[in-house]
Structure formats: structure tokens, C-alpha cells
Ligand SMILES: *Cc1c(COP(=O)(O)O)cnc(C)c1O
């Protein structure tokens, strides 16, 4: 039996055709028809569940998409940007690329995402301490669970602060009838190898006007002014998605809904099969607003007082059984690299980090695999 991975990419079959077309038409150069086609596919798909107009720019990564959102918002040295603490470092790193300071805000228990009350406290405290408001807010839909956007957007609007929605893990998650990534001032998606769909590496910035999207494309292609020669009046970036990668993306858009459905099914199976196992909880997020997570990764909590073994001991047992698992993201306010950054905490992310484990959830995980994984968990006794 081969190893069961956490979140392995799955190709639908049409990807090679689009990539092959790129070779046949010699569009292996950076930009070309697949990039436009992929952006169009994303716009059409996202528009199915968006109250805002959607304009998408395909980029080299989710990280570069966050960076360009901050560039668009004019974030500069000395500015402060609020970021969810419980996330992957890629949410926060671009704040530092701009020479700004990240301000970390902890999570609330129902969604494990940015706590709206703590967000407002942080905004008021920054204003009191520095005399200035933070320049942007980055909530994250971690593990595909929608953050409480209505509350976060209401606070952001009240203080006039733009919101960059990190939907890297939340492609296809619905919040109040809207796709994650379409609600903020800007939204970002990731197409890295382990995300909902992949382009082998890539991302997208979601804007709400064509003018903004054109401006993002300008910054993403070295900020070349419209002159016959190379004229530069701004610092630019080489952040566009390649035409070959976009070909993979076009193929993946044909299977994205199937991938989301499969992750839901896997989550339901875990929830049923692990129900009643003492000390093991399959996490079911809750929020006051109707929402539908994409269940990108299924998370479980291990209560060592009941199980008699720790999260790490369970992970070791799974590893020995050729099953990949991973502790939840370590909060940014605990990361040595961000030790100097101000943070507003309430203990939620620290607690789930201590007890939480992600288990295999990708479209390559079969029903038999789920049963096998569940049996491994049930067999473990201290
Ligand atoms: C993956 C991820 C990113 C970064 O996306 P890349 O495409 O890998 O650069 C950002 N934020 C979160 C929460 C992620 O999981």
C-alpha cells in the first residue's frame, strides 16, 4: 500500500490538452490565451455566488496576490496592517515586504478565524497608542471555513479600513450565499499543489472593477508605462501566471466542483466514523450566519486527558502506518520571526494549535483510505 497524503493534487484529464495547446501554438512564452481563458473561467465561476462584480488577475502565487493587494492599497513603511494570527505565514509576510508592521489578532471559537470583537479592540488600541488607524485588515478563511465577514466588514467599514480576504484555502466556501474571496476590498486564491485546485503553483487576485484589475496587471508585469521604450515610473513585479500553468488551471476548472464535493464527502465520512471515539473530535465549525465550508482539510482535536495519548503520538502512529497528517498552523504571534509584532490574543489559536491535527482530505483519498485511517486512530491505545 502506498502513502496516503494530506492533500495531493488530482488532475481531471483536460489539463494536458490545454498545456499541449500552449506548446502547439508556441504560447509557452509567459502570457497567452490560457491566462485570459483561466481568468475568464474564474470570473464566470466566482460570479455564480458573488454580490459584487468580479474581475480576476491570475498571478504566480497566492503570496504574490496578497502582496499586490497591499501594493494597490498603498501600504508603505511605518504603516500597520492587521492580520489573523492563526494562519500560514504567507498571509503576513507580504506586510513585511512593504516595510509595514503586522498586528496579529486571535481567533474566535466557532470558526477559528479572526475574532470580530478582538479586531475592534485592536483597532481602537492601535489608534490610542499610535494616533493612526491600521491601513488594512487581512482575515483568513482557514481550512476553508469562512471567517465572520459580516461582522468584520461592518467594523472595517465603520473605521474606513480596506479588507484583503485571504481565501487561499477557501475556494468554493460559501458565506451568506457568497463565495469566499469575493466580499472584501480584494480577495486572494491560491493554486499551490495542495490547495482546492492547482496550477502546479499560482494564485489569483479578485478585484471588483476592470480598472483595478488592469492596474494589478500593470504592477504584475514590471510596471511598464505605455511608451515605445521601457519607461518606469513605479516599482514593478514579475508576478504573472505563465500560460503553461494557466493551461493546467483551465483543466482544473472543469473539475473544481467535483473536488469540493469529494472533500465534503470525506469530511462527512470522518465525522460519522469517528463519532463517539473518546477524546477525538472531528471539528464542525459554527457561526451565526449561514455558511458552507469547503472542508479543504478535515481537522480533529485530540484530548490527551481522555485518549491517554497526545496529538503528536497520534501523528507518529499515523506516520508509521503511511498516513500523512500535520499539526494545525502555528499562530503567527508565537513565531520567532514575528516576536516583535504587537498581538491581541485570547488563547483560542494557542489551544487549537496544541490539540489539533489535519488528516488526509484530498481528492486522491479513497473511501477505503478513510476507513483505514479511522481504524488506525481507533486502534491506538495508550
Ligand atoms: C497557501 C496559502 C497562502 C499562499 O499561497 P501560495 O500560492 O502558496 O503563495 C496564503 N495564505 C494561506 C492561508 C494559505 O494557506
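No lab work stands behind these numbers, since they all come straight from the coordinates. Bear in mind that the values here come from a model prediction, so they are computed numbers and not experimental data. Note that we place each Cβ from the backbone using ideal geometry, even for glycine, and neighbour counts take in every protein chain shown.
Ranked by the mean number of other Cβ atoms within 10 Å per residue, highest first, peptides 194-201, 17-24 order as 194-201, 17-24. In the distance distribution for the range 135-213, Cα-Cα pairs more than 15 Å apart total 54 percent. Taking the DSSP bridge list for the chain and keeping only pairs wholly inside it, about 60 percent are antiparallel. When a/c is below 1.5 the answer is rounded, else prolate if a/b is larger than b/c, else oblate, so apply that to the range 113-245 with a ≥ b ≥ c taken from the square roots of the Cα gyration tensor eigenvalues. Since a/c reaches 1.5 but b/c is at least a/b, the shape of the range 113-245 is classed as oblate. As a ratio to 2.2 N^0.38 Å, the alpha-carbon radius of gyration for the range 257-379 is 1.14. Working from label points 7 Å from Cα in the Cα-to-Cβ sense, the residue 265 to residue 289 distance is 3.1 nm.
Provide the FRET efficiency to the nearest 0.05 for the residue 354-residue 275 pair, computing r from the beta carbons and using R0 = 30 Å. Working shown, then result.
Values: r = 23 Å, r/R0 = 0.76.
The formula returns an efficiency of 0.85 here.
The mean sequence separation of alpha-carbon pairs under 8 Å and at least six residues apart, normalised by the residue count of the chain, gives a relative contact order of 25 percent.
Of the peptides 228-240, 148-160, 92-104, the order by per-residue mean of other Cβ atoms within 10 Å, starting with the highest, comes out as 92-104, 148-160, 228-240. Principal semi-axes of the equivalent ellipsoid, √(5λ) from the alpha carbon gyration tensor of the chain, are 34, 28, 17 Å from largest down.
Report, to two decimal places, the Cα Rg of the range 181-259 normalised by 2.2 N^0.38 Å (N = number of residues). Walk me through the numbers before you get to the answer.
On the way: Rg = 14.7 Å, N = 79, 2.2 N^0.38 = 11.6 Å.
For the range 181-259, the normalised Cα radius of gyration is 1.27.
With 0.36 nm allotted per residue and the present C-alpha distance subtracted, the residue 230-residue 48 stretch has 61.6 nm of extension available.
Remark on the range 35-114: hydrodynamic radius 14.5 angstrom, per the Kirkwood mean of 1/r across alpha carbon pairs. Our note on the geometry: Cα centres of the range 181-200 and the range 41-92, 9 Å apart. Restricting attention to the range 161-239, close to 75% of DSSP beta bridges with both partner residues there are antiparallel.
Between residue 340 and residue 367, 0.36 nm times their residue separation minus their Cα-Cα distance comes to what?
On the way: separation 27, 0.36 × 27 = 9.72 nm, distance 4.56 nm.
Computed gain between residue 340 and residue 367 is 5.2 nm.
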